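To keep things clear, I will list the structure first and then write my remarks on it.
The values are calculated or read from the model by the stated rules, or taken from the named source; none is laboratory data. In this text, all values refer to a predicted model and were calculated from it rather than measured experimentally. Here the Cβ positions follow ideal geometry from the backbone for every residue, glycine too, while neighbour counts run over all protein chains shown.
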Amino acid sequence: MEGTFTGPRDKVERWLTGIWEEILGIHPIGVRDNFFDLGGHSLLAARLFARIEKVFAQSLPMSTLFHAPTIEQLAGVLRGEKEKDSSSWTSLMPIQPGGSQPPFFCVHGGHGRTLTFGTLSRHLGPDQPFYAFQARGIDGEQSPHTRIEDYAAEYVMDMQAIQPEGPYFLGGFCSGGTIAFEMAQQLRAQGHEVAMLALLDARRVVRQPRSRLGRRVLIHVGNVLRLSVSDKLEYLLDKVRGVTQTAKHSIKTRGEAPSARDILDRVIDCAEREYVPQIYPGRMILFRPGEQPAEYYLDPYLGWEGLAAGGIEVRDIPTGSGTMFREPHVQTLARELRASMEAGKNARLSAGRDEVLRSGQRA
Amino acid sequence: MVSALDQVWLPPPADLAVTGDEVHVWRAWLDRPACHVKDMQRILSADELDRAACFRFEKDHWRFVVARALLRAILSRYLNVEPDQLRFRTGDHGKPSLTPAFAQAALHFNLSHSDGLALYAVARGREVGIDVERVCPIAEADQIIERLFSASEKAAFRTHPDNSRQELFFTCWARKEAYAKARGEGLFLAPDQFDRSSIPWQPAELLRAHEYSPERHQFSLRNLSMDAEYVAAIAAEGDRWRLACWQYPESG
């Protein structure tokens, strides 16, 4: 847990660390600790920003903490580093950018949140860089992608800004597993090596017989996001009512526009149902919770059987569905994941001669 | 300071119901024996447990677990649903509400906790927001008043006797927070837009948020009478509601 502790590295971070420690009554605080995870709330935030205003003569809104919840990020804001506008939007979220190992890239679950990965990253240790992807649309500003292929293409592009060449170590949680699967397909199609494709508690969502209707819902949801807030509800009720019972049930709310996260959840779910996976030429690893929902209980491959030509390796984590990122199960997950990454690296070494040959041909 | 004759914390009746003209407030202590807390964990959703796991300190972790478990237990009394069957959604600004599957009961709720004490507000057909604060010295109080309080609040502070300024500060803050939470926003967004307040020691007050149509979105605020170290306030839509205050059983 303490492995990733990073102390302050310059004057601004040092000053902020002192204030955080005083206001939160905690010592020590690392520059990557999250204000809210330390027990921070709005009055403490008000105190913090009162102090900042006094010293920096900058009157920042308290909502700054939502975009910059760590000392490192807040220091960036105070130094005048501009917050990202949509043209410089990147899906990539560094959870733990340091370390000498090849980075692990992990795709969010249905709500597009990356919150769940912090504990796993800590257990993977300070030498293991960890990047997550956050879904476009989670802020309610941009329209989310409506196809798994588009999520994958964006994430591959953003990932290659950090690591331009394979071998890649990929993972995905829940619906993120389907996106990671498609990323691996696209990377292989580009001629890159994928050393590990890990699906974490990711069930293959089976295409529904009503999928054409599902598609229609998806188009409408996409349209809604382009409307102003006040028009959203009316549009939804107009178009979604009567299309399918399930969509109606999950999108219509009691006279309120649905939240960005709920919409994103719904959009990714629909995209997943629409996605038609091709057979992946490589191998994949399924990290499977010991307890599965009844309908998947009999299927050891969680619906993925036959979709990886290189075989599917199953690793059981003794936990219920949705809980493998929590203590203490996350420790088992981290151990198993590390073993799989090692295996991926070794497999690469043994295939080294082929690699040399291929890169020789490319050159 | 607060005249609150209607606020007596009673044990809840067995046949509990909240009518359209009531707002119920529950008070509960969050520091409970470990064996109870472990049981409570079982009724939480994966999302709730994920959030709980993010807290760095065990104390924060367990208080969050108990706060959410009691929320489920309280709502299940009104809805006749098992606590672990309840499903929540989160608004854009983080306010939790029940999913549309439970919309028929039109049950609204809000919760707040501070230093081990939790308050829950439950109402039918009206939005509610609640806030409790543990009173303690605030070195930055003057700056916060200057920065985030409205003109009338500032004026109140100028004329207020020094020996109760701390309590006044927290009362003001709790009222702002309760109002912002009732509106589904939370103070992180716009504490300084709360300029319709407030003569803070008036126990009840009607507020009008100018950007909403006045018929539907009037909120009224009340201070809640608490033990000496805490202050609390509740905001609810409309002005024709009365309070009923319940004490959550210690071993529940």
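Which members of the stretch A:64-83 meet the condition of being at pLDDT below 90, part of a helix (DSSP H, G or I) and either crowded, with 20+ Cβ neighbours inside 10 Å or within 14 Å of another protein chain (Cβ to nearest Cβ) (or both)?
Passing the criteria: A:T64, A:L65, A:F66, A:H67.
May I ask you to say which residue of B:E237, B:E153 is buried (at least 20 other Cβ atoms within 10 Å of the Cβ) and modelled with pLDDT under 85?
Sole residue among the options that is buried (at least 20 other Cβ atoms within 10 Å of the Cβ) and modelled with pLDDT under 85: B:E153.
Give the number of residues within the stretch A:30-57 that are facing chain B (nearest Cβ under 9 Å) and on the phi < 0 side of the Ramachandran plot.
17
Could you pull out the residue among B:R27, B:R32 that is buried (at least 17 other Cβ atoms within 10 Å of the Cβ), part of a loop (DSSP other than H, G, I, E, B) and among the basic types (K, R)?
The conditions single out B:R32.
Take the residues in the stretch A:13-29 that are away from every other protein chain (no Cβ under 13 Å) and buried (at least 18 other Cβ atoms within 10 Å of the Cβ), then tell me which one is farthest from the chain's Cα centre (by Cα).
If we take residues in the stretch A:13-29 being away from every other protein chain (no Cβ under 13 Å) and buried (at least 18 other Cβ atoms within 10 Å of the Cβ), then A:W15 is farthest from the chain's Cα centre (by Cα).
Tally the residues that are without any contact (Cβ under 8 Å) to a residue 12 or more places away in the chain and either loosely packed, with under 14 Cβ neighbours inside 10 Å or farther than 26 Å from A:S42 by Cβ (or both), restricting the search to the stretch B:89-106.
Of the residues in that region, 3 qualify.
Consider the stretch A:109-126. How many of its residues are in a loop (DSSP other than H, G, I, E, B) and either at pLDDT 90 or above or among the small types (G, A, S) (or both)? Spell out the reasoning first.
Within the stretch A:109-126, the subset in a loop (DSSP other than H, G, I, E, B) is A:109-116, A:125-126.
Still in the list and also either at pLDDT 90 or above or among the small types (G, A, S) (or both): A:109-110, A:112, A:125.
Residues meeting the conditions: 4.
Does B:L86 meet the test of being more than 11 Å from chain A (Cβ to nearest Cβ), buried (at least 18 other Cβ atoms within 10 Å of the Cβ) and either free of Cβ contacts under 8 Å to residues at least 40 places away in the same chain or farther than 30 Å from B:T171 by Cβ (or both)?
So B:L86 fits the description; yes.
Do we have A:G352 as within 14 Å of another protein chain (Cβ to nearest Cβ) and modelled with pLDDT under 75 here?
no
Which residues, taken from the stretch B:124-164, are under 29 Å from B:R63 (Cα atoms) and away from every other protein chain (no Cβ under 14 Å)?
B:V128
May I ask you to list the residues in the stretch A:177-214 that are modelled with pLDDT of 90 or more, within 27 Å of A:V330 (Cα to Cα), in contact with a helix residue (DSSP H, G or I) (Cβ under 9 Å, 6 or more places away or on another chain) and not aliphatic (A, V, I, L, M)?
A:T178, A:F181, A:E182, listed by residue number.
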